[in-house]
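Reading through the structure tokens given below for one structure.
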4 protein chains.
Amino acid sequence: MENLYKHSVEIQPRFNDFDALEHVNNTVYMNYFDIGKVSYFKTIWDTDLIDWKEFGLVVARIETDFISPILMGERVIVRTTILRIGNKSLELSQQLINPDTNQLKAAARTIMVGFDVETNSAEPITEKCVEAITRYEGRTFKREINR
Amino acid sequence: MENLYKHSVEIQPRFNDFDALEHVNNTVYMNYFDIGKVSYFKTIWDTDLIDWKEFGLVVARIETDFISPILMGERVIVRTTILRIGNKSLELSQQLINPDTNQLKAAARTIMVGFDVETNSAEPITEKCVEAITRYEGRTFKREINR
Amino acid sequence: MENLYKHSVEIQPRFNDFDALEHVNNTVYMNYFDIGKVSYFKTIWDTDLIDWKEFGLVVARIETDFISPILMGERVIVRTTILRIGNKSLELSQQLINPDTNQLKAAARTIMVGFDVETNSAEPITEKCVEAITRYEGRTFKREINR
Amino acid sequence: MENLYKHSVEIQPRFNDFDALEHVNNTVYMNYFDIGKVSYFKTIWDTDLIDWKEFGLVVARIETDFISPILMGERVIVRTTILRIGNKSLELSQQLINPDTNQLKAAARTIMVGFDVETNSAEPITEKCVEAITRYEGRTFKREINR
């Protein structure tokens, strides 16, 4: 299962990520997954700067399982991959891991849909996007046309 | 469906809640739902101050659907209720709504489990908690003992 | 001194504003002062929505004194006024206060300068801005032309 | 002037650090300076984990000059040094820099005072702290006993 994730990036924690219980606050996990998503798309498009108004994808749904608290002093990495590409949507899978202990901290499944933020309308997933993901992941995606 | 939610609280947006697309950033929705959760438990326990180390519940899973962007200048409220109480867990349902247009912005389903953060161990949902929810919501919850 | 501040707004705290010491984290004070600034300018311009690209002012300097920690369960208001209007800049004075005890939590002095974010160039403080402040504060400002 | 700063650390930006003007929001600069401060003290004490309840210093005042906006895609580092150590307080100097262009983005001067958060009382700066700073910085500090 570990090999599923080709992409990973280490998180730089901020003191205020930790709440009064001295755990990374649940709301901050979303920022950590977001760092993974941004890094993933910069990597597959080989760019330092994404034009978000032309990005073409928006988040429609996130399911997050909180497995184990992240404590002060722990290192955390976020792993990201794409599980499925449909005509209108794609599905990301992500994990937060302590790379020293390999302990799973949290897992997220995210549905992103094709969307043009300028025109505010749904769009199909672009071929450019599918190609970049396929090239990076090194495996093919059977596209499901009704999703 | 609207009457399901007895509890609601208006969000005070912060300028930095909005990202470069001039929408409330997806990660910030979690803060908004969190404001709802904290307000809900303060209300049912009739207190201004919760001792989080004795709170007895932690978030195990959140499923969030992002329906419509929240724009600058829009008012937002968060509605919170409990859908189900089991022996080991309970299930919150929440909505983010523009109260002027009644437009649904996002919906979340959250599983919280009984947990003692001091001893780091799972605990059943306390009777005190079930009673407070039942009294506030004004309806009974059939407890499912295996969840 | 208290009467200096005509404008005040109560802060809605978020659980993650509090850090591992169970105090509002220093970095979050900036968000609280920011809520005061945004509310102040909405009030003097009598609008629910400021077009930030045409706002005409940017923050050049903030001096913040942290007087007393903000604890969980405390109410906090932010008070805002303008102390001085120059040709190129104006000076805000702000306080964070517990309105129940009147305890001063923090004070900030902020220099804002006239600036056009579209052209990325310094601009004088507009007459429209001076008039709105003068009308709201109910006192006149002797403009210092070299600042 | 550049050589004054022995310590620097690169910031990992988060998408939501950027506000609707596509600049890092002013409030987030405080988080960036905070990352520098935490990294500085971890470095001089050679630890991955600081016990904040025994840290012995709290921030009393921060003066921040905002020089130039931080844009999407820019790298940012934070440089930190200690300028002065008194009996009761010490003074940090920090800069945010784009390391590719060497452009100064912001500068901060921070006064930290000796403080015991457990007993809520002022304390002198500890000798252990002075020694760690002196050893790391490789220069001596003439201590001013009335500050």
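What follows draws every value from the coordinates through simple rules; no lab data is involved. Being a predicted model, the structure only gives us computed values, none of them experimental. All Cβ positions, glycine included, derive from the backbone under ideal geometry; neighbour counts span all protein chains shown.
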Worksheet entry | Answer residue from the stretch C:71-93, given it is basic (Lys, Arg) and farther than 30 Å from residue D:117 by Cα and is farthest from the other protein chains (Cβ to nearest Cβ) among those | C:84
Discussion item. Among the residues that make up the stretch D:112-131, is at least one of them of a type in the set (Gly, Ala, Ser), within 16 Å of the chain's Cα centre (by Cα) and surrounded by 18 or more Cβ atoms within 10 Å (Cβ to Cβ)?
Written reply: yes
Worksheet item: Which members of the stretch C:56-70 meet the condition of being more than 9 Å from every other protein chain (Cβ to nearest Cβ) and in contact with a Phe, Trp or Tyr (Cβ under 9 Å, 6 or more places away or on another chain)?
Response: C:56, C:57, C:70
Worksheet, complete the sentence: If we ask which residues in the stretch D:100-137 are under 30 Å from residue D:26 (Cβ atoms) and basic (Lys, Arg), their number turns out to be 2
Worksheet item: Which members of the stretch D:51-64 meet the condition of being buried (at least 16 other Cβ atoms within 10 Å of the Cβ) and in contact with a strand residue (DSSP E or B) (Cβ under 8 Å, 6 or more places away or on another chain)?
Response: D:56, D:57, D:58, D:59, D:60, D:61, D:62, D:64
Discussion item. Just to check your reading of the model, which residue among C:141, C:115 is among the aromatic types (Phe, Trp, Tyr), farther than 15 Å from residue C:33 by Cα and either assigned to a loop (DSSP other than H, G, I, E, B) or touching a helix residue (DSSP H, G or I) at 6+ places or on another chain (Cβ under 8 Å) (or both)?
Written reply: C:141
Worksheet item: If you check C:19, C:48, C:34, which single one turns out to be touching a helix residue (DSSP H, G or I) at 6+ places or on another chain (Cβ under 7 Å), surrounded by fewer than 16 Cβ atoms within 10 Å (Cβ to Cβ) and within 14 Å of chain B (Cβ to nearest Cβ)?
Response: C:48
Fill in: The one condition in (1) within 25 Å of residue D:120 (Cα to Cα); (2) free of Cβ contacts under 8 Å to residues at least 60 places away in the same chain; (3) surrounded by fewer than 16 Cβ atoms within 10 Å (Cβ to Cβ) that residue D:3 fails to fulfil
(1)
Worksheet item: Here are some residues: B:119, B:101, B:134, B:81. Which one is out of contact with any Gly (no Cβ under 6 Å at 6 or more places or on another chain) and within 24 Å of residue C:50 (Cα to Cα)?
Response: B:101
Worksheet entry | Boolean, residue C:24 is within 15 Å of the chain's Cα centre (by Cα) and either within 13 Å of chain B (Cβ to nearest Cβ) or in contact (Cβ under 8 Å) with a residue 24 or more places away in the chain (or both) | no
Worksheet item: Only one residue in D:106, D:60 is touching a helix residue (DSSP H, G or I) at 6+ places or on another chain (Cβ under 8 Å) and in contact (Cβ under 8 Å) with a residue 40 or more places away in the chain, so which one is that?
Response: D:106
Worksheet item: Are any of the residues in the stretch B:124-137 part of a strand (DSSP E or B) and either of a type in the set (A, V, I, L, M) or more than 19 Å from residue B:8 (Cα to Cα) (or both)?
Response: no
Worksheet item: If you go through the stretch C:85-99 one residue at a time, do you hit one that is more than 18 Å from the chain's Cα centre (by Cα), charged (D, E, K, R) and over 15 Å from residue C:30 (Cα atoms)?
Response: no
Discussion item. List pairs: first residue in the stretch A:123-147 and of a type in the set (Lys, Arg), second residue assigned to a helix (DSSP H, G or I) anywhere in the structure, Cβ distance under 8 angstrom, at least six positions apart or on different chains.
Written reply: A:135/A:44; A:143/A:130
Worksheet item: In this structure, is residue D:79 among the basic types (Lys, Arg) and either within 21 Å of residue A:38 (Cα to Cα) or over 12 Å from the mean Cα position of the chain (by Cα) (or both)?
Response: no
